[in-house]
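Asker: Have a look at this one before I ask anything.
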Amino acid sequence: MHNGVGRSTVREALRALAGAGLVQARQGAGVFVVSTTPRESWSTQLRRAAVADVYEVRTLMEVEAAQLAARRRTAADLIAIDAALAERRAAGSGGTAAFVDADIALHAAVVAAAYNPVLTALFTEFVPALRQGLIDLVDLLDLRSGDPHHGDAGHAALVESITQGDPEAAGHTVRDELNRTLSQLRSA
């Protein structure tokens, strides 16, 4: 599959979209958008998802967002992304919720720099589940006990690859970071 996203992951995402009444698969013709309003809110569906499921969806959205951001970012976007990285670093000395919020703000700045309104809307709807998933993950794996700035090197590399306009590096950086955390979660 393109960009390292497996067929099973895509199938699961499409199954979730179909379950929400947003897309419909038609034999031999493909998958079609049939509604822009889910039967049940994304927030409600995603809150029930396990952290691992949240991370699979993150990968689907954020790898592409990082690649698009590396291609499309403006000088103003780079300032916002740099500021968000600095805020994430500053939040390392605070509590889990503040750190998670700063982490999400950095990823939101990357998504915004992708300049895709559908992706931005999906990410915005995804944030409540992502926030809870990250808080659960940090607590479950005790990620910040030894390193209050967990993932700083990976996030700095992401910012650098977007700054350099390198979509491949940006995508690989996000995928590697998310897969590393997912592997930790699955082995816990």
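Asker: Give the shape of region 115-187 as rounded, prolate or oblate, defined through the alpha-carbon gyration tensor: a ≥ b ≥ c are the square roots of its eigenvalues, a/c under 1.5 means rounded, and otherwise the shape is prolate if a/b is larger than b/c and oblate if not.
Answerer: It is oblate, given that a/c is not under 1.5 and a/b is not larger than b/c.
Asker: Using a 1.4 angstrom probe on heavy atoms only, work out the carbon and sulfur share of the accessible area of region 118-159 in %.
Answerer: Percent of accessible area from carbon and sulfur atoms in region 118-159: 61.
Asker: For the chain, what does -39500 (n - 2.57) per DSSP helix run (n ≥ 4), summed and divided by total residues, give at 222 nm, in deg cm²/dmol to the nearest 500?
Answerer: -24000 deg cm²/dmol
Asker: Would you work out which of V57, A18, I135 lies farthest towards the positive end of the dipole of the chain, given +1 charges on the beta-carbon of Lys and Arg and -1 on that of Asp and Glu, about the Cα centre?
Answerer: Result: A18, furthest along the dipole toward the positive end.
Asker: For a quick size check, give me the Cα extents of the chain along its three principal axes, largest first, whole Å.
Answerer: 51, 37, 27 Å, listed from the longest principal axis down.
Asker: Highest mean first, how do 167-178, 89-100 rank when packing is the count of other Cβ atoms within 10 Å averaged over residues?
Answerer: Averaged packing, sorted descending, gives the order 167-178, 89-100.
Asker: What number, in percent, do you get for the relative contact order of the chain if the mean sequence gap of Cα pairs under 8 Å and at least 6 apart is divided by its residue count?
Answerer: 27 percent
Asker: Something else about it: Can you give the accessible area per residue of the chain, in Å², using a 1.4 Å probe?
Answerer: Here the per-residue accessible area is 51 Å².
Asker: To the nearest 0.05, how large is the calculated FRET efficiency for V34 and N179 if R₀ is 30 Å and r is the Cβ-Cβ distance?
Answerer: It comes to 0.40.
Asker: What does the charge dipole of the chain about its Cα centre add up to, to the nearest 20 debye, if the Cβ of each Lys and Arg holds +1 and the Cβ of each Asp and Glu holds -1?
Answerer: The dipole magnitude comes to about 700 debye.
The values are calculated or read from the model by the stated rules, or taken from the named source; none is laboratory data. Keep in mind that this is a model prediction, so the values were computed, not measured. Glycine also receives a Cβ, built like all others from the backbone with ideal geometry; neighbour counts cover every protein chain displayed. The protein model used for the area step is the full one, side chains on, heavy atoms only, and it has no ligands, DNA or RNA in it. Shrake-Rupley method; radii C 1.70, N 1.55, O 1.52, S 1.80 Å.
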